[in-house]
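Worksheet: the structure to be examined is printed underneath.
Just so you know, all these numbers are worked out from the coordinates, no wet-lab data involved. Predicted, not measured: the structure shown is a model, and the values here were computed from it. Cβ atoms come from the backbone with ideal geometry, glycine included; neighbour counts cover every protein chain shown.
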Amino acid sequence: MTNLFLRHAEVLNKKNIQYANLPGFQISDQGKEQSVAAGKLLKNSNKKIEKIITSPLLRARETSSIISEILKIPIFFSNNLTEWSGINNWIGKTIEEIKSSQEYSERKSSLDLSPVEETLKSVYERVDIEYKNNVNTLFVSHQDTIRAFTYFFTNDENFSMYRPKNCEISIY
């Protein structure tokens, strides 16, 4: 059994905002190149990938589409792989605005964030449903979504230590 996770390609984000689960953020030209490179890497690997399950958000769909064309495999969509919304007040804000917020200054760790609509443990649980019910699958998702899964799946001790880069492939 092979299940792989891949974070979507680089996003076109001219205003450099925390886009979280906001719709409409497409991949950049560099993101398209990253997607092609990831697809070629997977094609030339010994990993048996039979399908892609992707987040329905545009950036993940675009990444998946490019890789699917290279691998000649089908794409399926799952809301279980969508991006974690994060702190409600941070969505649509710049990094500078976030760092000056009360929520940022009062946080004790990445796991102790509020106010949020969904805990990181809940994110893990919804991703784990897909993981347990699929084999030989490439899951295309988002940084915090993948990190929530890997953090709880591996019983990691530091949530912030490992965050997947754009088009980085991880095996679990």
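For the chain, treating each Cα as an identical point scatterer without solvent, what Debye log10 I(q)/I(0) comes out at q = 0.11 1/Å?
-0.44
I need 94, 63, 154 ordered by Cβ neighbour count within 10 Å, fewest first.
Taking fewest neighbouring Cβ atoms as first place, the list is 154, 94, 63.
To the nearest 10 degrees, how steep is helix 143-153 against the longest Cα principal axis of the chain, on a 0 to 90 scale?
Relative to the chain, helix 143-153 is tipped by roughly 80 degrees.
Once both labels are modelled 7 Å past Cα along the beta-carbon direction, what's the residue 16-residue 72 spacing in nm?
If labels sit at residue 16 and residue 72, their model points lie 4.4 nm apart.
Please order 81, 22, 71 by the number of other Cβ within 10 Å, starting at the fewest.
Ascending Cβ contact count within 10 Å gives the list 22, 71, 81.
Helix 120-132: angle to the longest alpha-carbon principal axis of the chain, degrees 0 to 90, nearest 10?
Approximately 10 degrees, to the nearest ten.
Determine the relative contact order of the stretch 18-112: mean sequence separation of Cα pairs under 8 Å and six or more apart, normalised by residue count, in whole percent.
Numbers: 104 pairs, mean separation 33.0, N = 95.
Relative contact order, the stretch 18-112: 35 percent.
Just to confirm the number: angle between the C-alpha axis of helix 29-43 and the first principal axis of the chain, 0 to 90 degrees, nearest 10?
So the inclination is approximately 50 degrees.
When the helices in the chain are scored as -39500 (n - 2.57) per DSSP H run of 4 or longer and the sum is shared across all residues, what 222 nm value do you end up with, to the nearest 500 deg cm²/dmol? Mind showing how you got there, number by number?
Numbers: 6 runs with 63 residues, N = 172.
The helix contribution divided over the chain gives -11000 deg cm²/dmol.
Which lysines, if any, have their Cα less than 21 Å from the Cα of residue 43, not counting same-chain residues under 8 positions apart?
Candidates past the 8-residue exclusion: 32, 51, 72, 165.
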